[in-house]
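Colleague: Encoded as structure tokens, here's the structure I'll be asking about.
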Amino acid sequence: MWWSRLSDRDDGFVYKLLPVLGSLSMVAVLVVLSAGFFRAFEQRDAVSQLTREYLLIMETEGYLSQARQEELLSSLGEAGLEQISLEGTTLYPVSYGDRISLSVSGILPQTILGQESLSWELPVSVSLSSTAKQ
């Protein structure tokens, strides 16, 4: 009978290739998603680096001056940080050996492949302190 001949046939090339194609497509999706996540970590590290850099400046000047504050806000904006807050930062001159602090918080908006449906917000908060050495 004709149905017995169908059951005796080997699987075709397409059936052998389907698991490979499925695996490759899953790997491609994971690579694209991980690239988006790593970008978020890189931006977070850039914010931390800027915060550390400006804390070192604050150590020598004794506080975060208005001009330095504007520079910091501009640099943080270029790094992608939005809704920036410097609450808790030493904004007035202090004496040698006094405690100074720099607190930066905000939101890093993230998207994958520019898709609005694949977007989220990463909250960032960095607080550092040291002593004035001016």
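The values are calculated or read from the model by the stated rules, or taken from the named source; none is laboratory data. Keep in mind that what you see is a predicted model, and the values were worked out from it rather than measured. When we count neighbours, we look across all protein chains shown, and the Cβ atoms used for this are built from the backbone with ideal geometry, even at glycine. These area figures cover heavy atoms from the full protein model, side chains too; ligands, DNA and RNA do not enter into them. Shrake-Rupley method; radii C 1.70, N 1.55, O 1.52, S 1.80 Å.
Colleague: Per residue, how much accessible area does the chain show when a 1.4 Å probe rolls over the protein heavy atoms, in square angstrom? Write down the numbers at each step before the final one.
Modeller: On the way: 9100 Å² over 134 residues.
About 68 Å² of surface per residue is accessible.
Colleague: A further question follows. In the chain, what percent of the accessible surface is made up of carbon and sulfur (1.4 Å probe, ligands and nucleic acids excluded)?
Modeller: Accessible surface attributable to carbon and sulfur in the chain totals 59 percent.
Colleague: Related question: Roughly what angle does helix 13-61 make with the longest principal axis of the chain, taking Cα atoms, 0 to 90 degrees, to the nearest 10?
Modeller: Long axis of 13-61 versus the principal axis of the chain: about 0 degrees.
Colleague: Then there's this: Could you put ILE112, ILE57 in order of accessible surface area, largest first, with the 1.4 Å probe and the full protein assembly present? Write down the numbers at each step before the final one.
Modeller: Values: ILE112 10, ILE57 35 Å².
Result, largest first: ILE57, ILE112.
Colleague: Report the calculated FRET efficiency for TYR96 and ARG68 (r = Cβ-Cβ distance, R0 = 22 Å), to the nearest 0.05. Present the calculation step by step, with values, prior to reporting the outcome.
Modeller: Numbers: r = 19 Å, r/R0 = 0.85.
That gives a FRET efficiency of 0.75.
Colleague: Do the sum for the chain: with -39,500 (n - 2.57) for every DSSP H run of n ≥ 4, divided by all residues, what is the mean residue ellipticity at 222 nm, to the nearest 500 deg cm²/dmol? Could the numbers behind the result be given before it?
Modeller: Numbers: 3 runs with 68 residues, N = 134.
About -18000 deg cm²/dmol.
Colleague: What label, among (i) 1.43; (ii) 0.96; (iii) 1.89, belongs to Cα Rg over 2.2 N^0.38 Å computed from the structure on display?
Modeller: After the calculation, the listed value that fits is (iii).
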